[in-house]
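Have a look at the structure below, then the notes.
No value in this document is a laboratory result; all are computed from the given coordinates. Computed from a predicted structure; not experimentally measured. Because the Cβ atoms are built from the backbone with ideal geometry, glycine has one as well, and the counts that use them run over all protein chains shown.
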Amino acid sequence: MLDFRADSGHGVSGVVRTAHAGVGLGRRVLVGRPGWLREQGVATDTVDDAVAAAEQDGATAVVVAWDGSVRGAIVLRDPLKATSRQAVEELRAAGLRPVLLTGDNEGAARATAREVGIEDVLAQVLPADKVAAVERLQAQGARVAMVGDGVNDAAALAQADLGLAMGTGTDVAIEAADITLVRGDLRSAAQAVRLSRRTLRVIRQNLFWAFAYNVAAIPLAAAGLLNPMIAGAAMAFSSVLVVTNSLRLRRFDR
């Protein structure tokens with residue numbers, strides 16, 4: 001394929017060489033949303049009913065055209081992983097409100113949301129609109145964590161307060177995110193949240209004991225009421241306490 005072009009969130013096109021084409025010649029093939037093809041001057045009347053039926057059935061349909069004419073429609077379905085509903089339940093249990101933000105059509109998005117138990121759905125969202133959706137939530141006072149894996153998610157991942165990229169996703173998404181989830185399993189997102197919260201709790205505990213020791217020991221030492229050997233032993237015990245408390249994180253599983 002020559003002269004490949006991608007219109008983010010709309011479709012792709014490129015020149016495909018054919019057996020009958022001369023040197024440097026070929027057919028420009030377009031694949032994308034029906035609305036985008038119409039913007040390119042291609043009438044989609046012959047497949048509009050098929051596209052509508054696919055979307056009502058919870059699928060996504062893209063239209064294929066070349067030589068200025070529609071040649072057919074390709075129906076795509078994203079099978080849900082068996083763990084997706086459990087992942088959403090774990091996010092809810094962590095006190096988070098899941099929102100499905102997708103470029104897919106309304107029918108496919110609603111069907112997916114029903115299966116996993118998500119109520120808030122924003123469908124047919126372009127990459128720039130994903131950023132705007134994150135900004136709207138932030139303007140409402142929400143702290144937004146965005147999970148994504150594609151090129152179209154990169155800008156929203158960077159805008160979110162916390163960006164989590166699936167390790168099985170694109171390099172640009174991984175680069176834009178704050179955290180990369182090595183496994184391609186959405187449950188890793190909930191696990192990362194729980195681990196982060198536990199880590200923060202341990203840090204606060206360590207700070208408390210460190211400050212408590214100094215607040216109690218420094219005045220006693222300054223007044224000469226604390227034996228230097230006891231002070232040294234207490235300092236060593238304080239360090240051991242902090243390290244031991246931190247090592248408890250090694251037992252974190254789920």
Next item on the list: Identify the residues of the range 220-254 with backbone N under 15 Å of a label point that sits 7 angstrom from the Cα of ALA82 along the Cα-to-Cβ direction, or state none.
Entry: none
Note to self: If the only charges are +1 at each Lys and Arg Cβ and -1 at each Asp and Glu Cβ, what is the size of the charge dipole of the range 21-132 around the Cα centre, to the nearest 20 debye?
What the structure shows: 340
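Taking N as the number of residues in the range 51-198, what value does Rg over Cα atoms divided by 2.2 N^0.38 Å take? Numbers along the way, then the final one.
Numbers: Rg = 16.2 Å, N = 148, 2.2 N^0.38 = 14.7 Å.
Here the Cα radius of gyration is 1.11 times the empirical estimate.
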Next item on the list: Put one equal scatterer on each alpha carbon of the range 193-251, apply the Debye formula with no solvent term, and list log10 I(q)/I(0) at q = 0.19, 0.26 1/Å to two decimals.
Entry: -0.70, -1.01
Notebook entry, point to check: What is the calculated FRET efficiency for ASP45 to ARG136, with r their C-beta to C-beta distance and R₀ = 35 Å, to the nearest 0.05?
Noted result: 0.45
Notebook entry, point to check: Between ALA217, LEU200, ASN227, whose Cα lies farthest towards the positive end of the dipole of the range 135-254 when Lys and Arg beta carbons carry +1 and Asp and Glu beta carbons carry -1, centred on the Cα centre?
Noted result: ASN227
Check: Based on the Cβ-Cβ distance from ARG250 to THR180, what FRET efficiency comes out when R0 is 30 Å, to the nearest 0.05?
Finding: 0.90
Note to self: In the chain, if the dipole is taken from +1 on Lys/Arg beta carbons and -1 on Asp/Glu beta carbons about the Cα centre, which of ALA87, THR46, PRO34 is farthest to the positive end?
What the structure shows: ALA87
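Working from the pairwise distances between different alpha carbons, so that the mean of 1/r is found and then inverted, what is the range 144-235's Kirkwood radius in Å? Working shown, then result.
Numbers: mean 1/r = 0.0621 Å⁻¹.
16.1 Å is the Kirkwood radius here.
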Margin query: What whole-number distance in Å separates the alpha-carbon centres of the range 216-254 and the range 108-138?
Written below: 49
Checklist line | Cα-centre dipole for the range 193-251 with unit charges at Cβ (Lys and Arg positive, Asp and Glu negative), debye to 20 | finding: 640
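Taking the Cα centre of the chain as origin, sum charge times position over the Cβ atoms of Lys and Arg (+1) and Asp and Glu (-1), and report the length of that vector in debye to the nearest 20. Provide the component values of the computation, followed by the final result.
On the way: 28 positive and 27 negative charges, 262 e Å.
Result for the chain is approximately 1260 debye, rounded to the nearest 20.
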Check: What FRET efficiency comes out for the pair THR199/ARG92, r = Cβ-Cβ distance, R0 = 25 Å, nearest 0.05?
Finding: 0.70
Check: What do you get for Rg/Rh of the chain when both radii come from the Cα atoms and Rh is the Kirkwood radius?
Finding: 1.21
